[in-house]
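Enquirer: After the structure tokens below, expect a handful of questions from me.
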Amino acid sequence: MSILVFLVIFTLTILLQRWLHQHIQAFVIMLTGNSGWALRLLFYLLLPGILLHEASHYAAAKLLLVRTGKVTIGIRNLNSSRSSLGSVTIDRTDPVRESLIGVAPFLVGVGAIWALMGWGFDLWAHSGVTFELFFQRVGQYANDWTTWLDLYLVFAVSTAMIPSESDREPWGPVITFFGAGVALLFILGWTPRVPPDAVTLARNLLDALTFALGIAVIVNGGMAGALWLLEQMLARIKSSPVEYRMKTKRGRR
């Protein structure tokens, strides 16, 4: 059941990220008619998350002894319909290290959300946190401007931490190799014996991951709802539908 809940929340995280990227740009285009302004607004809104995303790639590459090159933070047009908000040039290496470098922004992003929950709302993993307690703390600290800063940072980090297409490129061979290896062991009669402590640790890690992504879904869902209402109001005023034009990309090259 815990795995199913995680998969649902993880899927919602990805869908909300894509929806927000599209609709933030579309709203600004409706408002100004300028796609360049739309992309610049998206870049500045996500800047803390973009910086963390690229820094995670860079740090992971250094830790894994993979040579890095140019680090780019800023808008760069890849073609007429696709732009980059940031990238880190990394030398080609084996699929395992490339996969770890690719997943680094997600893991660091989850850790950053937990840090924001702990320092901003006194919600720590060891204290038995719940979503209900999160809502209580938000209401309790609503008059403090840092509360809204923390929520903005959750939005910026969570909408920039999902691995990009280039980050996911090496995952296929790694998953295929390990999946085939495990399947072969089962066919040969191998039965894993997992220590109870390891099972408990894995469950706790999954619960912590699910909570962090759940916070992202709550915050980004609220942002999406507010943006949708603004879109509908503006569409009625201007009598024009919402259009989606620009695709964005972050990650390594």
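Enquirer: Could you please rank Arg137, Arg92, placing first whichever residue has the fewest other Cβ atoms within 10 Å of its Cβ?
Expert: So the residues, fewest neighbours to most, are Arg92, Arg137.
Enquirer: By count of other Cβ within 10 Å, fewest leading, how are Ile187, Ile113 ordered?
Expert: Ranked by crowding around the Cβ, least crowded first: Ile187, Ile113.
Enquirer: Taking just the C-alpha trace of the range 1-159, give me its Rg and Dmax in Å.
Expert: Looking at the range 1-159, its Cα Rg and Dmax stand at 17.9, 50 Å.
Enquirer: Sort Leu206, Leu85, Leu16 so that the residue with the fewest other Cβ atoms within 10 Å of its own Cβ comes first and the one with the most comes last.
Expert: Going from sparsest to densest Cβ surroundings: Leu206, Leu16, Leu85.
Enquirer: If the only charges are +1 at each Lys and Arg Cβ and -1 at each Asp and Glu Cβ, what is the size of the charge dipole of the range 53-168 around the Cα centre, to the nearest 20 debye?
Expert: Working: 9 positive and 10 negative charges, 101 e Å.
It comes to approximately 480 debye.
Enquirer: Here is a further query. How large is the Rg to Rh ratio of the range 7-86 when both quantities use alpha carbon positions and Rh follows Kirkwood? Walk me through the numbers before you get to the answer.
Expert: Details: Rg = 15.1 Å, Rh = 14.4 Å.
Ratio of gyration radius to Kirkwood radius for the range 7-86: 1.05.
Enquirer: Ranked highest first by average number of other Cβ atoms within 10 Å, how do 44-52, 61-69 line up? Let's see the in-between values first.
Expert: Details: 44-52: 19.6, 61-69: 14.6.
Most protected by this proxy first, the peptides run 44-52, 61-69.
Read-outs throughout are calculated quantities, based only on the coordinates presented, and are distinct from any laboratory measurement. All figures in this text were calculated on a predicted structure; none of them were measured in a lab. Note: ideal-geometry Cβ built from the backbone for every residue, glycine included; neighbour counts use all protein chains shown.
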